[in-house]
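Everything below concerns the one structure shown next.
The values are calculated or read from the model by the stated rules, or taken from the named source; none is laboratory data. Every value quoted in this text rests on a predicted model; they were computed, and no experiment measured them. For neighbour counting, all protein chains shown are included, and Cβ atoms are generated from backbone atoms with ideal geometry for every residue, glycine included. With ligands, DNA and RNA removed, areas are computed over all heavy atoms of the protein, side chains included. Shrake-Rupley method; radii C 1.70, N 1.55, O 1.52, S 1.80 Å.
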Amino acid sequence: MATPPTMRELAALAGCSQTAVSLALRNHPRISRETRERILAIATKAGYTRDPLVSTLMTQLRSSRKARAVEKLAMITWWDRPGPQNARGEALHAGINARARHLGYEIEEFWAREPRMTIGRLGRILHARSIRGILLGGMLHARGRVSLDWNHFAAAAIGHTILKPGLHHAGHGFFHGMVLTLRMLKRLGYTRIGYVNVIEQDDMTNNAWLSAYMGYQYRARPRDIIPPLLTPDWDKALLREWIDRHKIQVVVSNMHEVLAMLRELGLRVPADIGFASLDCLPSIDTCSGVDVLRGEVGAKTVDLVVEQLQNNELGLPEHPKTVSIESVWCEGVTLKKHAR
């Protein structure tokens, strides 16, 4: 097998310096796109491949230099006020900050709803301050759009509420979360399982919860098929009518308002009816259901941004990818141990 060419030999073939070859192989923006593509084509044709051990070492060296400089990553948030909104937000932010510190970066929050702030102005501020990495927090509504001059930035979104542009995402595996919940309920002996939510909440999962639930219903025995209850707003009377009509044994939702409504209707949980949460937070919740591991979601979003920065990949990705974090089951106290 032929020996791969050295960087010096590639420089001779391309008619440029070894430095230019090194920058091109790292996709560095210091040289033009045309020059990078020409050198990469020559390297590919000549059979050049990167040594993974050397590449790892150089990444570590570059990371250590960045750690001393403490490069900032921007965290753009869209809620009614800056900072975490509740304990779930705190868990997310803790995961983001811990991972950023571990990699030698620092997080700075930018509140997109600050008075007189526009997304265009925010982009100019970030560029002027040489902040290249952006984490975009979840938006208030599904199918959101963000317009920035993306050529200056490496970005990734938390969750699935940003539809445009196409960015890398990290989020909870909503489909898996519903499937895990349904399997655990079946194992506990529940057969008449009902999913309830407000429409917008399910939309924010790209309808993954609904899809998983309908897939389960498709395979259920005819007498156990229960239509989901999806409404524009919470309706206690409609919830009661749905439970009685379908003789529901356990209600599944991510919204703990449902648990409160069940109790307001005079139903004892879990004696009269069970409740399984699609969004448990074990540090504060006693609900049975799934923990979506918000801290892990935050950490993986940081990884997506830092990976792009270390590879000098600025701008929108040609093929956006999604990192999906699978949830874990929490026993809790809102389900019977044996429902049969």
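At-a-glance table
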| item | result |
| --- | --- |
| Rounded accessible area per residue of the chain, 1.4 Å, Å² | 52 |
| Interatomic Cα distance distribution for the stretch 231-281, bins of 10 angstrom, percent | 24, 63, 13, 0 |
| 0 to 90° range, to nearest 10: angle between helix 87-102 axis and the chain longest Cα axis | 20 |
| Of 216, 48, 190, the one that fluctuates the most in a GNM where the chain has Cα springs shorter than 10 Å | 48 |
| Pairwise label distance in nanometres, residue 41 with residue 81, each label 7 Å out on the Cα-Cβ vector | 5.8 |
| Carbon and sulfur %, accessible surface of the chain computed with the full protein complex present, 1.4 Å | 54 |
| Computed [θ] at 222 nm, helices only, for the chain once each DSSP H run of length n ≥ 4 contributes -39500 (n - 2.57) | -13000 deg cm²/dmol |
| Relative contact order, percent, the chain [alpha-carbon distance under 8 Å, six or more residues apart] | 20 |
| Rg and Dmax [Cα atoms of the stretch 154-212; Å; Rg one decimal, Dmax integer] | 14.2, 48 |
| Trypsin sites (Lys or Arg not before Pro) restricted to DSSP loop in the stretch 105-148 with at most 13 other C-beta within 10 Å | 113, 116, 129, 143 |
| Charge dipole (debye, nearest 20) of the chain; +1 at Cβ of Lys and Arg, -1 at Cβ of Asp and Glu | 540 |
| Förster-model FRET efficiency, 51 Å R0, residue 283 and residue 34, C-beta, rounded to 0.05 | 0.45 |
| Listed peptides 80-87, 228-235 by packing density, highest first (mean Cβ within 10 Å) | 228-235, 80-87 |
| P(r) tail fraction, the chain - alpha-carbon pairs more than 28 Å apart, % | 53 |
| Relative counts (whole %) of C-alpha pair distances in the stretch 87-189, using bins that are 5 Å wide | 2, 9, 17, 21, 19, 13, 7, 5, 4, 2, 1, 0 |
| Projected area averaged over orientations for the stretch 1-41, convex hull of C-alpha atoms, nm² | 2.9 |
| Mean projection area, nm², convex hull over Cα of the stretch 285-340 | 5.7 |
| Relative contact order of the stretch 93-184, defined on C-alpha pairs under 8 angstrom at six or more residues apart (%) | 19 |
| Two-site label geometry, residue 8 and residue 237: point separation in nm, points 7 Å out along Cα→Cβ | 8.7 |
| Alpha carbon convex hull of the stretch 191-340, projected area averaged over orientations, nm² | 11.2 |
| Whole-number percent relative contact order across the stretch 122-254, with pairs defined as alpha carbons under 8 Å at least 6 apart | 22 |
| Alpha-carbon centroids, the stretch 270-340 and the stretch 70-104: separation in whole Å | 16 |
| Within the chain, percent of DSSP bridges classed antiparallel, to nearest 5 | 10 |
| Two-site FRET efficiency, residue 337 against residue 117, from Cβ-Cβ distance with R₀ of 51 Å, rounded to 0.05 | 0.50 |
| Lysine pairs meeting the criterion (Cα under 15 Å, 8 or more apart or interchain), as found in the chain | 4 |
